[in-house]
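Only one structure is covered here, and it is reproduced in the block below.
The values are calculated or read from the model by the stated rules, or taken from the named source; none is laboratory data. The structure presented is a predicted model; accordingly, all values stated were derived computationally and were not measured. Cβ atoms come from the backbone with ideal geometry, glycine included; neighbour counts cover every protein chain shown.
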Amino acid sequence: MKVAVVGGFPPNREGEAHYTGCVFRAFATQYPQAHVRVIAHRQPDAPDASSFASNGDIVRATDGYHRWRRHLTPLQVYRSLRAYAPDVVHFQAPHKGLYGGLYGEPLLWVFRWLRRKRIPTVVTLHSLWLEEDFREMASERRLSESKRRALQRLYRRYHWQLFRAATQVNALVAGDQNPLIQEFQELWGLTPFCIENEAHPCEPRAYTREQSQRAKESLGFVHRKLVLAFGFVRPDKGFHYLMEAAGALIGAVPTLQLLIAGEPRGGQGQAYAQQLQARYEQMGCPDQIRLHLNYLSDDALEQLLLAADVLVVPYTRVMGASGPVHHALSLGKPVVATAIGQNRGLAEVCWLVPPHDASALAAALQQLLTDDARWDDYHRRARDYAATHTWRHLATQYYQDYQRLLERVR
């Protein structure tokens, strides 16, 4: 079986690149009889071609990040697929401007070509937008009502065409029964099509209390209970609500230590980072709150996750399954998240609180940091979920899907 994967691949800071790397490394290990070729974007910090397994290679063939050559990406994908002659093609997050247009519209003709060639295609959607997400995005970017409606119409049209052209569409979601999929279908008129649930995997990992303590010591947080939030810094991350919650808890939980870490994304991210810094100064720069608004290396993130007692995801908009949530669950860390979008699929695993509500966030954190039984309960929930939702599980699901689709073609 020859599998072509179109999508980001490490080294790459995009979330779907990390995701694709994890699942197809597991896939190549489990199914040595298959060969995987990843068709990824050219990057200055990555070679044009390399391998990630004895039966897996990477071809940096497309120019999604290039300012002027981005419109050639569909043609470059087509040429790479034609040269490789795959049995099945898996597109990871094709619904992005990296493939041309606003939502990757030019790539649709590649789907239609593959359909004519009777080559099955699988799509994994990495985000599902609802109308309130468009409204919040328009408000953040100060778009007019007419522009917002135009974007929504184009979004509906693009997905209708994508669903007609693809053989199978998966939605990457948090949890096994996420209500977001049905809401997405009904809102955009996609109920005639089937969307498969693709639960975001974890990578269960054991660690000792000593390792966690050493990580805290390396960060200067000895005898502290570390509340961690990390990810790209943007207004929809809701980090300012977390700062407000932490400010209210400083007196009630003397051992509290909050750390917000991550890289500002784009002009909006830079402006939001400045707002967070100004808010921190207005609070008097308390020692119990730290801001690290820069890029996090893998090693630095590893130290933070080992040291953390609780992870917080205070997002105000959640279209895609959160990578930080699943990193934390992999280590059995209790997670507090807002009860919106994707997060609702983990209602039995994470502690969900209303969005935009600093007081509810503070109450949840206070209980987890002061009640050992409550912390142990959410630690167990995280461990149980991670053990049954691994990258190997998803790799098996992929292989079975490919076999089924190929059998249908035959």
For region 47-82, the count of residues that are assigned to a loop (DSSP other than H, G, I, E, B), of a type in the set (A, V, I, L, M, F, W, C) and at pLDDT 95 or above equals 0
Looking across region 111-170 at residues that are part of a loop (DSSP other than H, G, I, E, B) and among the basic types (Lys, Arg), the single one that is farthest from residue 94 (Cα to Cα) is 142
(Q) Checking the structure you have, find out if any residue of region 231-253 is farther than 28 Å from residue 375 by Cα and either in a loop (DSSP other than H, G, I, E, B) or touching a strand residue (DSSP E or B) at 6+ places or on another chain (Cβ under 6 Å) (or both). (A) yes
Given the conditions (1) acidic (Asp, Glu); (2) farther than 23 Å from residue 13 by Cβ; (3) touching a helix residue (DSSP H, G or I) at 6+ places or on another chain (Cβ under 8 Å), every one holds for residue 132 apart from (3)
Counted residues in region 26-73 being within 24 Å of the chain's Cα centre (by Cα), in contact (Cβ under 8 Å) with a residue 60 or more places away in the chain and crowded, with 18+ Cβ neighbours inside 10 Å come to 2
Residue check: is residue 17 closer than 18 Å to residue 125 by Cβ and either in the same structural domain as residue 230 (by TED's automatic domain parsing) or out of contact with any helix residue (DSSP H, G or I) (no Cβ under 9 Å at 6 or more places or on another chain) (or both)? yes
Checklist entry - Can you find even one residue in region 177-186 that is more than 19 Å from the chain's Cα centre (by Cα) and over 26 Å from residue 109 (Cα atoms)? => result yes
Of the listed residues (196, 186), the one being assigned to a helix (DSSP H, G or I) and not assigned by TED's automatic domain parsing to the domain that holds residue 246 is 186
Notebook entry, point to check: Is it the case that some residue within region 246-253 is under 30 Å from residue 357 (Cβ atoms) and free of Cβ contacts under 8 Å to residues at least 40 places away in the same chain?
Noted result: yes
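Rundown of residues vs (1) over 29 Å from residue 180 (Cβ atoms); (2) hydroxyl-bearing (Ser, Thr, Tyr); (3) touching a Leu at 6+ places or on another chain (Cβ under 9 Å), yes/no style:
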site: 224; (1), (2), (3): yes, no, yes
site: 236; (1), (2), (3): no, no, no
site: 249; (1), (2), (3): yes, no, yes
site: 276; (1), (2), (3): no, no, yes
site: 281; (1), (2), (3): yes, no, no
site: 285; (1), (2), (3): yes, no, no
site: 295; (1), (2), (3): yes, yes, no
site: 301; (1), (2), (3): no, no, no
site: 316; (1), (2), (3): no, yes, no
Looking at residue 170, is it among the polar types (S, T, N, Q), touching a Gly at 6+ places or on another chain (Cβ under 9 Å) and farther than 13 Å from residue 260 by Cα? no
Residue in region 201-221 that is over 24 Å from residue 162 (Cβ atoms), hydrophobic (A, V, I, L, M, F, W, C) and crowded, with 22+ Cβ neighbours inside 10 Å present: yes
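Condition check ((1) over 18 Å from residue 202 (Cα atoms); (2) in the same structural domain as residue 178 (by TED's automatic domain parsing); (3) in contact with a helix residue (DSSP H, G or I) (Cβ under 7 Å, 6 or more places away or on another chain)) across all residues:
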| site | (1), (2), (3) |
| --- | --- |
| 226 | yes, no, yes |
| 233 | yes, no, yes |
| 240 | yes, no, yes |
| 250 | yes, no, no |
| 261 | yes, no, yes |
| 290 | yes, no, no |
| 293 | yes, no, yes |
| 297 | yes, no, no |
| 305 | no, no, yes |
- Task: Kindly indicate whether any position in region 356-364 is closer than 26 Å to residue 319 by Cβ, of a type in the set (Asp, Glu), assigned by TED's automatic domain parsing to the domain that holds residue 226 and surrounded by 15 or more Cβ atoms within 10 Å (Cβ to Cβ).
- Result: yes
Expected single match for part of a helix (DSSP H, G or I) and in the same structural domain as residue 233 (by TED's automatic domain parsing) among 325, 312, 349, 318 is 325
